[in-house]
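Some notes on the structure that comes next.
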Amino acid sequence: MPDTINPTITAMGFASLESFLMVLFIAIALLAAFVIIVAVKPVYSMFPYAYPNARLRARIGRLITAKQLSEILDSDSLEEVKNYLRGFPEYAKYVDKYSLEKALDMQLAETYDLVARIAPDSIKSIFLILLKKWDIRNIKTLITAKESDLGPEKTAELLIPFGEITDVLEKLVEAESVDDVIMELEETEYYPLLEEALPDYEKTGMILPLEANLDKYFFENLLKTLEDDSDENKELLYSYIGSQVDITNLKIVLRAKMDDLQYEDISSYLVSEGYQIRDWKLKDLMDAENVPGIISLLEGTDYGPYLEEVLSEYNKTGSIAPFEVALAEYITKTAKTLSRKKPLGTGPMIGFLSKKEAEIKNLKVIVRGKREAGFPVSKIKEMLI
Amino acid sequence: MVEITMGTALLAVAAGIAIGFTGLGSSLGQSMVATSSVGAVAEKSEMFAQGVLFSALPETQAIYGFLIAILLIVGGFLGAETTITVELGIVAIAAGTAMGLAGLGSSLGQSMVASSSVGAVTENPDMFAQGILFSALPETQAIYGFLIAILLIIFSGILGG
């Protein structure tokens, strides 16, 4: 009864029951608004990842296991490897159509194509740029093929029809020279890059400047899309892809130091804005006296401890192969850590792509090993990730 | 026709809060898990049954909210012996808010775990039992809200008073 509650309401400082109820409703409305914003916001940020993550995790479950890889490794011939891969739907559709290496590349390209199609809008652009990797690879193949006078049929066999220039691939295969290939690409974003490096190519007769311009464009474009963003999911992708860029640069620096080259000789092949190793650091690294000097300059970066661990091996053998293996290990471990960070974000995507890349690399190593008659299985095993 | 007093109006608001918030949480939660399940089924058709099961989990909070709203309506509008005073109306709002907010949080939390579980089961079918168990954990908060709402409704006399 209003009579019994009124004294309490008056004691609380309210003029009337109506004013008390008004305050009560306002308080409930404010609480509701706060709860909805706080509770619903994280769900909305995770929502776009629900579908792609479920699909990719299903594919993680279908990846080749260590046991299966060891069975493939024990195959006696390439035909046996082919037969084994026919048991995997992802590979079965390609192994009978193409050579094994091309079948593996087709599968990897298809995987990136799928991820680009199902990725949430906020990170789709990154995967669309990653897909351009196949455009660049195809252009490089075409340039190399024209340079070495390979026929259209053989050239076509080497191309991977994924990416943005698939429509013009047939025309490009028929091109007569490197210049023709570049001219045919006039309408694409790659034309200015190739045109810029053309004088160098014509002067030296080397296709490296053309290739370097394409690679630099790909990586710098990718890093530009990833950085300067407060999105945590993008940040995770940035550290994964950025580390790969750093490692690509580090490998070039190590090889250059082995060949006594200077910074100026290799600067055009380096991606200037890396993740942990920026332009100035690359210059410092190249100024180091020798390979151990480079490793000591990397102290303080995430790569330092991995490289220091195998320094003694380098000192013994004089080969930089242990560093390359250590860097590959670093990427695998980083991807594993990152994949667990955002299970309802980009985590599973990074996990899947890293595992898929490793699977394809391992299969390619096995295929190459099996192609070489008498190549020992133990040696192939050593080269697996 | 029931005469609408200030008390019954407050009780109606309480019923709205109970079903409104739980319904909102359930619909958002369920859509997230169902989206994951669609992705899982697209890759593995045998995931259909598990996907439906996981997607159904965030439905329960809306059922609790619906039951509380029904009890309030039955007690307030159909219980001829009880007159709903303003005090009872305020108690009803407390019951509705307890159910609504507990159900909202519980369903959203459950949707995240169930969505992850769908992914885990798709990757490794042996994870099914663990996935269900983990997904059921955030249900408890909705049960607390539901029980408190029931106790408030019964002991205040809104129902059976």
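Some notes on this structure:
- All positions within the range A:179-191 that are open to solvent by less than 40 Å² (accessible area, probe 1.4 Å) and under 16 Å from A:A145 (Cβ atoms): A:V181, A:I182, A:L185
- Tabulated pairs, the range B:6-29, first in contact (Cβ under 8 Å) with a residue 24 or more places away in the chain and facing chain A (nearest Cβ under 8 Å), second β-branched (V, I, T) and not in a helix (DSSP H, G or I), C-beta under 8 angstrom, 6+ apart or interchain: B:L10/B:I84
- The lone exception for A:F14 - which of (1) surrounded by 13 or more Cβ atoms within 10 Å (Cβ to Cβ); (2) assigned to a helix (DSSP H, G or I); (3) within 13 Å of another protein chain (Cβ to nearest Cβ); (4) of a type in the set (A, V, I, L, M, F, W, C) it fails: (2)
- Where helices (runs of 4 or more DSSP H) fall wholly inside the range A:274-385, the ranges with 1 or more residues that are open to solvent by 60 Å² or more (accessible area, probe 1.4 Å), away from chain B (no Cβ under 14 Å) and at pLDDT 90 or above are A:279-287, A:291-297, A:303-309, A:311-317, A:321-341, A:347-371.
- Any hit, the range A:192-203, residues being closer than 26 Å to A:T334 by Cβ and open to solvent by 80 Å² or more (accessible area, probe 1.4 Å): no
- Yes/no for B:S156 being in contact (Cβ under 8 Å) with a residue 40 or more places away in the chain, of a type in the set (S, T, Y) and either surrounded by fewer than 15 Cβ atoms within 10 Å (Cβ to Cβ) or in contact with a Ser or Thr (Cβ under 8 Å, 6 or more places away or on another chain) (or both): no
- Within the range A:172-209, the set of residues being under 13 Å from A:N138 (Cα atoms) and not β-branched (V, I, T) comprises A:L172, A:L185, A:Y190.
- Selection status of A:A27, farther than 20 Å from B:M112 by Cα, more than 21 Å from the chain's Cα centre (by Cα) and more than 8 Å from chain B (Cβ to nearest Cβ): yes
- Scanning the range B:33-62 for residues being away from chain A (no Cβ under 12 Å) and buried (at least 23 other Cβ atoms within 10 Å of the Cβ) gives a total of 2.
- Verdict on A:N213 being open to solvent by 20 Å² or more (accessible area, probe 1.4 Å), part of a helix (DSSP H, G or I) and under 18 Å from A:I266 (Cα atoms): yes
- Enumeration of residues in the range A:123-163 that are over 25 Å from A:G242 (Cα atoms) and charged (D, E, K, R): A:K146, A:E147, A:D149, A:E153, A:K154, A:E157
- Candidate set: the range A:55-96, residues that are hydroxyl-bearing (S, T, Y) and under 30 Å from A:G345 (Cα atoms); chosen: the one nearest to the other protein chains (Cβ to nearest Cβ): A:T65
- Residue within the range A:231-251 that is open to solvent by 40 Å² or more (accessible area, probe 1.4 Å) and more than 22 Å from A:M349 (Cα to Cα) present: yes
- Hits in the range B:99-151 - residues which are more than 12 Å from chain A (Cβ to nearest Cβ), under 19 Å from B:I70 (Cβ atoms) and either out of contact with any helix residue (DSSP H, G or I) (no Cβ under 8 Å at 6 or more places or on another chain) or crowded, with 23+ Cβ neighbours inside 10 Å (or both): B:M99, B:A142, B:G145, B:F146, B:L147, B:A149, B:L151
- Any chance A:S99 is away from chain B (no Cβ under 14 Å), open to solvent by 50 Å² or more (accessible area, probe 1.4 Å) and under 18 Å from A:P348 (Cα atoms): no
- Looking only at the range B:63-89, and only at residues there that are within 13 Å of chain A (Cβ to nearest Cβ) and either under 12 Å from the mean Cα position of the chain (by Cα) or open to solvent by 40 Å² or more (accessible area, probe 1.4 Å) (or both), the one that is modelled with the lowest pLDDT: B:T83
The values are calculated or read from the model by the stated rules, or taken from the named source; none is laboratory data. Worth saying up front: this structure is predicted, and the values here are computed from it rather than measured. Neighbour counts are summed over all protein chains in view; Cβ atoms, including those assigned to glycine, are modelled from backbone coordinates with ideal geometry. These area figures cover heavy atoms from the full protein model, side chains too; ligands, DNA and RNA do not enter into them. Shrake-Rupley method; radii C 1.70, N 1.55, O 1.52, S 1.80 Å.
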